[in-house]
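Worksheet: the structure to be examined is printed underneath.
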Amino acid sequence: MITPDQLEFEERELAPTVSPYKSSQAVWKSLLLLIPAILSSTTGQLFLKMGMTQVGGFAFTPAAILETLPQVIFNPFIWIGFIGFFGGSVFWLGVISRAPLSLAYPILALSYFVVVIESWLFLGEQVSAQHLLGVAIIFIGVVIVGLSERPAKKRD
């Protein structure tokens, strides 16, 4: 005699698997939106850093925040930074609406590489061998995650 649990299991086994993503090719095409997402977000962060360098550090006390707030609000670099960060977020929404988060998010880690390069080029920050090794390890991890993505098997 077949139990209800066995019947349900057999029905699930025979049911076609439907991926929420149109095809592997469509997913990879959508991941191209990560390029402007990363560039926009990291450039936004660069401008935020430039603006806060002009403003200077502040203590996290109500008085210090109120004193610093007008400088932050009226700093054009900070506005450009927020615009860049917002733009990156819009592209990111486009990516996660079309690709698996478990694939897209690790690839987003390539922003570490971009931020190191931008900081070196535009802020004059030092890039050590350890920085480069860390970025290389992240890059290798992203490649491994990307290569591990397999299309779902179709059942006939």
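No value in this document is a laboratory result; all are computed from the given coordinates. The model shown is predicted, which means the values in this text are computed figures rather than measured ones. Every residue, glycine among them, receives a Cβ derived from its backbone with ideal geometry; neighbour counts consider all protein chains shown.
What do you get when you divide the Cα radius of gyration of region 23-148 by 2.2 N^0.38 Å, with N the number of residues?
The reported ratio for this selection is 1.24.
Please work out how much length the chain gains when fully extended from Gln25 to Phe58, using 0.36 nm per residue of separation minus the C-alpha to C-alpha distance, in nm with one decimal.
Here the segment from Gln25 to Phe58 would lengthen by 7.1 nm.
Provide the packing ranking of 68-75, 54-61, i.e. peptides ordered by the mean count of other C-beta atoms within 10 Å per residue, highest first.
68-75, 54-61
I need to check one value: relative contact order of region 23-148, counting alpha carbon pairs closer than 8 Å and at least 6 residues apart, in percent.
For region 23-148, the relative contact order is 34 percent.
Given labels modelled 7 Å from the Cα in the Cβ direction, how far is it in nm from Leu132 to Gln71?
Result for the modelled spin labels: 3.6 nm.
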